[in-house]
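All remarks here apply to the structure that follows.
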Amino acid sequence: MSQFPIRRMRRLRRTQALRRLVQETHLVPSQLVWPLFACHGEGVRREVAALPGVYQTSLDELVKDAERARRLGLGGIILFGLPAAKDATGSEAYDEQGIVQQAARAAKRACLCEYTDHGHCGVVQDGEVDNDASVYLLGKVAVTQARAGIDIVAPSDMMDGRVAGIRKALDAAGFSRVPIMSYAAKMASTFYGPFREAAGSTPQFGDRQSYQMQGTNADEAMREIGLDVEEGADIVLVKPALPCLDLIRRAKQEFGSPLAAYQVSGEYAMIKAAAARGMLDEARAMWETLYAIRRAGADIILSYFAPAAADAL
């Protein structure tokens, strides 16, 4: 076995050119997906206080962001909608003229909790989220989104059996070609806080721990992912990304399916806040976290940093 000083690991770290030559993990714009928030109105570009650089936009402004995503070569955009009104079943989510459906038709991609007045990701019966009734509505949402031109439906609710329910609904409506990206292992995480401000989806009572996962349970996460793969998920997603790097790695190794990870609002907001206070270099922190997610095994990264990263790449 070679011993020091014959084997010097620093030789290939000496210059930027050498470091680039032996770089193991690569990131390209087509692996990045940009979350966008659509709202009603015209000429609206309203910055989210907790997410500097992230905006709620009306359709005319959202189209500009979609065009920017195309120019940057991003893998896509994912749409979240702010409905004009909320009710107990989140009816605008499956309205043919709902905000996401309009956004898809205007710019051409896709949650249920933003649309319900109680803020939960499904139908509430007797103070609890009714799984099977929620799955039925999710199927309706998926079909109206597919009709509007959504390329991929992305259920984030964590209801049992919803991938099979959505697949059945899509196929019955003639949309067998539309793939499903399932939020397969979505943890009940504090890191979603800024997103709930952006999407107006904070629960009006209780929390989502009865259907989102405990962050302590890695084996359960693998069972959840396995069930979604069996039910027909084309892409599986782990969320949040940085606290779940071990799950990303395990999921890629155990299933081999196309794998997405969501660098969520709290992860983005922490970096932005620390950078604003001069506590770290924002660009370096962005790259370090994105490469960590890729290194763990994610094929696709949903991130609010997507346009900045693609622009630099």
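On the accessible surface of the stretch 19-62, probed at 1.4 Å, how many percent belong to carbon and sulfur atoms?
Working: 1120 of 2240 Å².
Carbon plus sulfur share of accessible area: 50 percent.
Counting only Cβ charges, +1 for Lys and Arg and -1 for Asp and Glu, the dipole size of the chain around its Cα centre is about 2180 debye.
The phi torsions of the stretch 265-281, fed into the Karplus equation with coefficients 6.51, -1.76 and 1.60 and a -60° offset, translate into couplings of 4, x, 5, 5, 5, 4, 5, 4, 5, 5, 5, 5, 9, x, 8, 7, 8 Hz, rounded to whole numbers, with Gly and Pro shown as x.
Per residue, the solvent-accessible area of the chain (1.4 Å probe, heavy atoms of protein chains only, all protein chains present) comes to 46 Å². Partners of residue 272 within straight-line reach, counting lysines whose Cα lies under 27 Å from its Cα and excluding those fewer than 8 residues away in the same chain: 64, 186, 239. Given a 1.4 Å probe and the protein chains as shown, residue 21 ends up with an accessible area of around 130 Å².
The phi-based Karplus calculation (6.51 cos²θ - 1.76 cosθ + 1.60; θ = phi - 60°) puts the 3J(HN,Hα) values of the stretch 132-140 at 6, 5, 5, 4, 4, 5, 4, x, 5 Hz, whole numbers, x for Gly and Pro. The GluC sites (Glu not before Pro) of the stretch 1-99 meeting both criteria, a DSSP state outside H, G, I, E and B (loop) and at most 15 other C-beta atoms within 10 angstrom of the site's C-beta, are 24, 42, 96.
Helical runs assigned H by DSSP (4 residues or longer) give the chain a calculated mean residue ellipticity at 222 nm of -12000 deg cm²/dmol, each run adding -39500 (n - 2.57) before division by the residue total. The trypsin sites (Lys or Arg not before Pro) of the stretch 2-32 meeting both criteria, a DSSP state outside H, G, I, E and B (loop) and at most 13 other C-beta atoms within 10 angstrom of the site's C-beta, are 7, 8, 14.
Put 186, 140, 272 in order of accessible area, largest first, 1.4 Å probe: what do you get? Walk me through the numbers before you get to the answer.
Details: 186 10, 140 75, 272 45 Å².
Result, largest first: 140, 272, 186.
Find out how many positive minus negative residues lie around residue 299, taking Lys and Arg as positive, Asp and Glu as negative, among other residues whose Cβ is under 14 Å from that of residue 299. If you can, show how the numbers build up before the last one.
On the way: positive: 249, 252, 294, 295; negative: 234.
Value of the local net charge: +3.
The values are calculated or read from the model by the stated rules, or taken from the named source; none is laboratory data. Nothing here was measured: the structure is a model prediction, and the numbers come from that model. So basically every Cβ, Gly included, is an ideal-geometry build from the backbone, and we count neighbours across all protein chains shown. Side chains are part of the model used for accessible areas, which takes the heavy atoms of the whole protein and leaves out ligands, DNA and RNA. Shrake-Rupley method; radii C 1.70, N 1.55, O 1.52, S 1.80 Å.
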